[in-house]
1. With (1) surrounded by 13 or more Cβ atoms within 10 Å (Cβ to Cβ); (2) in contact (Cβ under 8 Å) with a residue 24 or more places away in the chain; (3) closer than 11 Å to residue 58 by Cα as the list, and residue 41 as the residue in question, which single condition is left unmet?
2. Quick one: how many residues across the range 1-27 are surrounded by 13 or more Cβ atoms within 10 Å (Cβ to Cβ) and assigned to a helix (DSSP H, G or I)?
3. Could you check the range 36-66 and list, in sequence order, the residues that are more than 16 Å from the chain's Cα centre (by Cα), farther than 22 Å from residue 2 by Cα and not in a loop (DSSP other than H, G, I, E, B)?
4. Please go through the range 21-41 and pick out each residue that is touching a helix residue (DSSP H, G or I) at 6+ places or on another chain (Cβ under 7 Å) and closer than 18 Å to residue 55 by Cα.
């Protein structure tokens, strides 16, 4: 039986929401093995002078739980 765990992260980018999501996944992959999926649950942005200056993406990353 496969068990999947989920962690929630916030990715950041000055380029766009997709970059923010990819940055979160890249950081997660540094310490988490067996990633099987990502679910984007929200987007936010910082605005200065009526322009978006940075993007944040809230994501849930799913990975297979390992057993000893």
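What follows is calculated from the coordinates using simple rules that are stated; it is not laboratory data. Predicted model, so just to flag it, every value in this text is computed and none were measured. Heads up, the Cβs are rebuilt from the backbone with ideal geometry, glycines too, and the neighbour counts pull from every protein chain shown.
1. (1)
2. The qualifying residues number 10.
3. 46, 47, 48, 51, 52, 53
4. Scanning the range 21-41 gives 38, 40.
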